[in-house]
Amino acid sequence: DGGPRAGGTPLRVLAANLMVGLADTGELMALVSRVRPDVLALQEVTPAALERLERAGLRETLPHAVTRPRPGAGGSALYARHPLTPGEAIEHGRFGQVRAELAHPGGARVEVVSVHPCPPKRYGPQPCWRSGLEALPRAGGPPRVLAGDFNATLDHLLMRELLDSGYRDAAEVTGQGLRATWPQGGWGPVPGVAIDHVLADSRLGVRSFSVHGLKGTDHHPVSAVLTLP
């Protein structure tokens, strides 16, 4: 079930983890041209990657941006077709998750978060990963979209609690909840896991969800066509 107003005004969302800025700039720009997102959520955005993307014309396509590039894996960014009002970034363990309110020309205002908590460790306590997920805003208040690399599948308790607050996972709604997004190519015969998501406030409709390829990164970008309340 696509939910409320599944046939309403579309909001196209694309999310991509750039793997410490190494993702292929030309391929990402081509993906943006194909998907035509209203908002693009990027993770692992380095200063050099941001410079390459803007030199390639990303600002011409998506002129509004909130960016927090960093060396390594902790940077993130939001680019949009419509005006963005920056919100307070979510900071845990040198990982910054930017957030902003998008003003759609139809009158709707939607908060968007570029999600990227610390990755979990192989063994032992997980304070950074846990706090990064727990700090994500619960549903309620303004309609909201959380998009990016959650470093968690829908089986994790923290993800189920987030969904229970009033979000829906676009992949799950469209019957693709188990479709792997990391690593690209899987582990030999093992297909990988679904840790990249688009979570939409339950007041938004979900029309479609797609998984894409992108050279230079270990994550598949994901996109969804949502509809505004």
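For the range 58-95, a residue qualifies if it is open to solvent by 50 Å² or more (accessible area, probe 1.4 Å), out of contact with any Ser or Thr (no Cβ under 8 Å at 6 or more places or on another chain) and either among the aromatic types (F, W, Y) or closer than 13 Å to V113 by Cβ (or both), and the qualifying residues are P86, E88, E91. Go through the range 132-168 and count every residue that is part of a loop (DSSP other than H, G, I, E, B) and farther than 14 Å from F209 by Cβ. The number of residues fulfilling the criteria is 17. For the range 30-57, the set of residues classified as buried (at least 16 other Cβ atoms within 10 Å of the Cβ), under 18 Å from V222 (Cα atoms) and not acidic (D, E) consists of L31, V32, V35, P37, V39, L40, A41, L42, Q43, V45, listed by residue number. Taking the range 216-229 as the range and being closer than 28 Å to D164 by Cβ and open to solvent by 20 Å² or more (accessible area, probe 1.4 Å) as the test, the residues that pass are H220, V225, P229.
For the range 96-110, filtering for residues that are under 16 Å from the mean Cα position of the chain (by Cα) and open to solvent by 30 Å² or more (accessible area, probe 1.4 Å) leaves 2. Only one of (1) assigned to a strand (DSSP E or B); (2) touching a residue at least 60 places away in the same chain (Cβ under 8 Å) is not met by V66, so which one is it? All conditions pass for V66, except number (2). Filtering the range 169-190 to residues that are in a strand (DSSP E or B), modelled with pLDDT of 80 or more and either open to solvent by 40 Å² or more (accessible area, probe 1.4 Å) or farther than 18 Å from L146 by Cα (or both) leaves only W182.
Each row is one residue, and each column tells you yes or no for (1) under 21 Å from S223 (Cα atoms); (2) of a type in the set (A, V, I, L, M, F, W, C).
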{"position": "K121", "(1), (2)": "no, no"}
{"position": "N151", "(1), (2)": "yes, no"}
{"position": "L157", "(1), (2)": "no, yes"}
{"position": "A170", "(1), (2)": "yes, yes"}
{"position": "L178", "(1), (2)": "yes, yes"}
{"position": "Q184", "(1), (2)": "yes, no"}
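V115 falls short on exactly one of the conditions (1) open to solvent by less than 50 Å² (accessible area, probe 1.4 Å); (2) free of Cβ contacts under 8 Å to residues at least 60 places away in the same chain, and that condition is (2).
Number of residues in the range 197-215 that are closer than 19 Å to L162 by Cα, in a strand (DSSP E or B) and either touching a helix residue (DSSP H, G or I) at 6+ places or on another chain (Cβ under 8 Å) or open to solvent by 10 Å² or more (accessible area, probe 1.4 Å) (or both): the value is 5. Farther than 19 Å from N17 by Cα, hydrophobic (A, V, I, L, M, F, W, C) and surrounded by fewer than 16 Cβ atoms within 10 Å (Cβ to Cβ), is that true of L157? The answer is yes for L157.
The values are calculated or read from the model by the stated rules, or taken from the named source; none is laboratory data. Keep in mind it's a predicted model, so treat the numbers as computed, not measured. Note that we place each Cβ from the backbone using ideal geometry, even for glycine, and neighbour counts take in every protein chain shown. Ligands, DNA and RNA are stripped out before the accessible areas are found, and what is left, the full protein with its side chains, is counted by its heavy atoms. Shrake-Rupley method; radii C 1.70, N 1.55, O 1.52, S 1.80 Å.
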